[in-house]
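Taking it in order: structure first as structure tokens, then the write-up.
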Amino acid sequence: MIYRNLLLCALLILTVSASFAQDEIPDDSDQIVYTVVDAFGDTVTITPTDLERIISIGGAVTEILYDLGMGDNIIAVDVSSIYPPQTADLPTVGYLRFLSAEPVLSYEPSLIITTEDAGPVDTLRLIQSVGIPVLIVPAEDTPEGAAEKIRTVAAGVGKSDEAEAIIEAMRRDIERAQALVEMVETRPRVLFVFAGSNIALGVLGRASGGHQMLELVNVENAITIEDGYIPLTAEAIVAAAPDIILTTSLSVERVGGVENFLNLPGISLTPAAQNGRIVYEQMDDLFLLGFTPRLGDAILNLTYLLHEDLPRPAYAVVRLSPALEQFEAQLRRAGQLEALDIDEPLTVLAPNNDALTLADTELSASELSALILQGAIPPQEMTAVPADMIEAVISTANGYVYILNGLPE
């Protein structure tokens, strides 16, 4: 099976070390130096002092740095850096494909990390010429490409052990998705519609990261054209006849909301729209297209969302009282929860214990287990929960976590 071979290949490569070099070389002052061969083939030397003022250019790079615990070292980002939410508080230096040296240098960075998609190259070379190290990270839109990105960034900031833990978690999620899709007998036709911050609304063809995502969750791309991006036309939409339309939450926001999206040329005439199969909620651009550390989450969530015939995960009811504040803080740091005004203990409905496990959580497995009061609430019963009881919904690798202000009847 082509799908099985694709995932097995990805999983094997995820477990193999990347080809770049990372050396810790003491100089005369015993300072550690990180030496990395980047995507341009340049040998980049980075010292701990260089890590103090990082400009991160590229949403995937920024997300990786936060996951590695380097968020406090970032002084500016580019406009594609939309996750985690705290990036909104940072100044921006423009868009990674259209950089200018002056705004970048005005922040007096000690290190710039970006991807091979960034440009123009002359701008990057100009920045290098003034003595600022520039680390260029690979940008291949595949699971192995995501692992390479993580390893390269981590090598430059001295966090290679942390990188391997992130990659291992991603690999486990991809394995779970593989096990799930082997249970399905049909492949729905999915149309991936996208509106970027700098491009008009269009559909993603086979030479795109969006197509790679559809392949990884074993669905059929309703667009057969090899181009990566095709402008949206009513004729193309209707001819595609998708069972499901997949888009990002920001794409819907950019056209003025879901009602406006449904009124776009041809959309309302598709089987997807007529059957209410528009998937976009909690799907930011980087989540679906960035091939970031959340790739495993994205593949697993899409597997459930696009294959309706899969068995849904069972829910557990978790009561968070003394540990609630601590748990909430962890969720905020992970960018999964913006705010909760809490006056009393809340109820959390989650697929399983793993859904509440975060990479940097301070709650041990035993503490999480001790919080479970009641289990086995079937997912279908969630439909009976009044909307005003739902305080927040958190997307995780194992499904959605519902935080309620009480127990459902």
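Throughout, read-outs are computed from the coordinates displayed, never taken from laboratory work. Model, not experiment: these values are computed from the prediction. Positions of Cβ are backbone-derived with ideal geometry, glycine not excepted, and every protein chain shown enters the neighbour counts.
For the reader, a short list of remarks on this structure follows.
- Annotation: extensible slack from Thr233 through Val79 equals 52.7 nm (criterion: 0.36 nm per residue apart, minus Cα-Cα distance).
- Shape category assigned to the range 126-278 from the gyration tensor of Cα positions, a/c cut at 1.5: oblate
- One decimal place: the segment Phe40-Ala88 gains 14.3 nm when fully extended, by the rule 0.36 nm per residue minus the C-alpha distance.
- Panel order for Tyr229, Tyr107, by other beta carbons found within 10 Å of each beta carbon, from fewest to most: Tyr107, Tyr229.
- Full-stretch length increase - Ile32, Glu185 - with 0.36 nm per residue and alpha-carbon distance subtracted: 49.7 nm
- Distance between the C-alpha centres of the range 110-144 and the range 171-195: 32 Å, rounded to the whole angstrom.
- Taking a Cβ cut-off of under 12 Å around Arg187, the surrounding Lys, Arg, Asp and Glu residues balance to a net charge of -4, with basic ones at +1 and acidic ones at -1.
- The shape of the range 189-306 comes out rounded: with a ≥ b ≥ c from the C-alpha gyration tensor, a/c is under 1.5.
- Pairs of Cα atoms farther than 20 Å apart, the range 31-113, %: 32
- Sorting the segments 124-136, 202-214 by their residues' average number of neighbouring beta-carbon atoms within 10 angstrom, most packed first, yields 202-214, 124-136.
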